[in-house]
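The values are calculated or read from the model by the stated rules, or taken from the named source; none is laboratory data. For clarity, every value in this text was computed on a predicted model and none was experimentally measured. Using ideal geometry, Cβ is built from the backbone for each residue, glycine included, and neighbour counts are taken over all protein chains shown.
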Amino acid sequence: MKAFDFEEERLIAEIIARGANRVLLQLPEGLKSEAPNLAKNIEKTGVLSIISGDPCYGACDLFETEVNRFNIDLVIHFGHSKMVKNEKVSTIYVDVRSTAKITKTIEKSLLLLKEYTKIGLVTTVQHIQTLKTVQALLVKAGKTVFIGNSDQIHYNGQVTGCNYSNVKSIEDKVEVFLFVGGGRFHALGVALSTIKPTILANPFDQKTYLLNTQVNKLLHQHWALIQKAKKAKNFGILVSLKPGQENFKNAMKIKKIIENMGKNAVIILLREIVPEALMEFPTIDAYVNTACPRISFDAPLKFLQPVLSINEFKVLSGECPWQEMIKIGLFEK
Ligand code: SF4
């Protein structure tokens with residue numbers, strides 16, 4: 001059995017029903033390797049199937065700007081649930097649910113959960129279908145389970161890289177969060193946005209562990225970077241060219257605030273915010289990133305200069321105290 005469900009039957013039925021001629025396949029890193037095979041199968045319906053090879057980390061980064069140039073009449077976005085309200089081109093979302101079994105991993109996690117009774121359950125779209133099973137296993141073990149429902153995200157209990165509203169909606173009721181999913185990225189987001197114990201239960205390798213040591217280290221690093229950025233004279237304000245991440249209005253406000261502090265600020269437009277791109281600006285001492293707030297979060301030291309999120313800049317400018325901002329979430333939008 002494949003590790004993920006790409007819903008090819010549904011896709012092919014929808015492509016035919018919509019009468020598409022030219023479709024664009026957009027997949028996140030980690031799933032791109034499936035793209036050529038998907039394209040081949042989809043082309044059996046008689047449509048031309050084109051793959052986007054650009055990086056794609058979220059549904060905020062829909063393939064939109066080039067659709068007319070290549071006469072694309074349907075975008076198929078894999079791996080993320082819908083985020084933008086009105087797409088410019090007809091778009092089908094495929095969650096790409098995991099087929100990994102969950103029971104053994106949750107049974108293992110009960111060891112780490114033994115001192116807690118009130119548990120917040122959280123996951124990504126890939127494992128959302130497992131929440132009922134996980135809830136039943138935890139209840140059977142005598143736990144009380146909470147699943148967030150903030151109405152700001154597609155599924156109850158779901159998180160994305162920058163939306164932890166479901167977690168926030170239950171944080172006062174729970175003692176610990178149990179995150180079901182592979183990799184640390186989203187689980188770290190849960191821990192950072194709540195500062196509560198967070199246990200990761202990975203159904204792919206069946207490993208379970210507590211994340212909080214890493215969170216404390218990250219918080220120290222970010223505090224130190226804010227202090228370094230305070231001494232900066234020349235700021236770069238990063239604005240993304242990705243439609244769902246572009247925040248020019250906020251960039252203009254931040255520019256004014258910096259100039260009112262007696263410092264210099266320039267706006268820099270970028271598609272991919274990577275260390276190599278920023279190395280081209282050796283006279284800039286610090287950056288404020290108005291694009292994806294997670295870009296510099298999990299490995300802040302990969303950039304030569306501090307790259308602050310908008311919320312971290314609010315700490316630097318004195319608009320919000322550090323402790324208060326930790327509660328709000330240093331990288332929440
Ligand atoms: S802005 Fe960043 S964290 Fe948020 S959905 Fe997009 S890629 Fe993910």
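Checked against the criterion of being modelled with pLDDT of 95 or more, of a type outside the set (K, R) and either within 29 Å of S81 (Cα to Cα) or in contact with a Cys (Cβ under 7 Å, 6 or more places away or on another chain) (or both), the candidates A251, A232 yield just one match: A251. Taking the criterion of being part of a helix (DSSP H, G or I) and either more than 16 Å from the ligand (Cβ to nearest atom) or more than 11 Å from G120 (Cα to Cα) (or both), the only residue of the range 156-180 that qualifies is S165. Being in contact (Cβ under 8 Å) with a residue 24 or more places away in the chain and touching a helix residue (DSSP H, G or I) at 6+ places or on another chain (Cβ under 6 Å) is the filter; apply it to the range 132-152 and report the residue that is farthest from A201 (Cα to Cα). The residue in question is G148. The set of residues from the range 100-131 being in contact with an Asp or Glu (Cβ under 6 Å, 6 or more places away or on another chain) and assigned to a loop (DSSP other than H, G, I, E, B) comprises just one member, Y116. Does any residue of the range 3-22 turn out to be within 16 Å of the ligand (Cβ to nearest atom), closer than 21 Å to G181 by Cβ and at pLDDT below 95? No: zero hits. Looking at N149, is it out of contact with any strand residue (DSSP E or B) (no Cβ under 8 Å at 6 or more places or on another chain), more than 16 Å from the ligand (Cβ to nearest atom) and of a type outside the set (A, V, I, L, M, F, W, C)? Yes: the conditions hold for N149. Every listed requirement among (1) within 27 Å of Y93 (Cα to Cα); (2) away from the ligand (no atom under 16 Å from the Cβ); (3) not basic (K, R) is met by T194 save one, (1). Filtering the range 71-83 for residues that are within 16 Å of the ligand (Cβ to nearest atom), farther than 30 Å from K173 by Cβ, in contact (Cβ under 8 Å) with a residue 60 or more places away in the chain and part of a strand (DSSP E or B) leaves a non-empty set.
Of the strands (runs of 3 or more DSSP E) that lie entirely inside the range 221-333, those containing 3 or more residues that are touching a strand residue (DSSP E or B) at 6+ places or on another chain (Cβ under 6 Å) and among the aliphatic types (A, V, I, L, M) span 234-240, 264-270.
Of all the residues in the range 84-99, those that are away from the ligand (no atom under 16 Å from the Cβ) and part of a loop (DSSP other than H, G, I, E, B) number 5. State whether the residues of the range 146-161 include one that is modelled with pLDDT under 95 and among the acidic types (D, E). Scanning the range 146-161, I find at least one residue that is modelled with pLDDT under 95 and among the acidic types (D, E), so the answer is yes.
Once the range 89-108 is narrowed to residues that are farther than 14 Å from F204 by Cβ and touching a strand residue (DSSP E or B) at 6+ places or on another chain (Cβ under 7 Å), the residue that is surrounded by the most Cβ atoms within 10 Å (Cβ to Cβ) is V94.
Results for (1) within 13 Å of V75 (Cα to Cα); (2) touching a strand residue (DSSP E or B) at 6+ places or on another chain (Cβ under 6 Å); (3) basic (K, R), shown as yes or no for each residue.
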{"position": "I15", "(1), (2), (3)": "yes, no, no"}
{"position": "A20", "(1), (2), (3)": "yes, yes, no"}
{"position": "V23", "(1), (2), (3)": "yes, yes, no"}
{"position": "S33", "(1), (2), (3)": "no, no, no"}
{"position": "L48", "(1), (2), (3)": "yes, yes, no"}
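A quick yes/no check of all residues on (1) surrounded by 15 or more Cβ atoms within 10 Å (Cβ to Cβ); (2) within 16 Å of the ligand (Cβ to nearest atom); (3) in contact (Cβ under 8 Å) with a residue 24 or more places away in the chain:
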residue: P275; (1), (2), (3): no, no, yes
residue: L278; (1), (2), (3): yes, no, yes
residue: P282; (1), (2), (3): no, no, no
residue: F297; (1), (2), (3): yes, yes, yes
residue: S309; (1), (2), (3): yes, yes, no
residue: V315; (1), (2), (3): yes, no, yes
residue: C320; (1), (2), (3): yes, no, no
residue: E324; (1), (2), (3): no, no, no
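Given the condition in a helix (DSSP H, G or I), surrounded by 14 or more Cβ atoms within 10 Å (Cβ to Cβ) and within 16 Å of the ligand (Cβ to nearest atom), answer yes or no: does some residue in the range 30-51 qualify? There is at least one residue in the range 30-51 that is in a helix (DSSP H, G or I), surrounded by 14 or more Cβ atoms within 10 Å (Cβ to Cβ) and within 16 Å of the ligand (Cβ to nearest atom).
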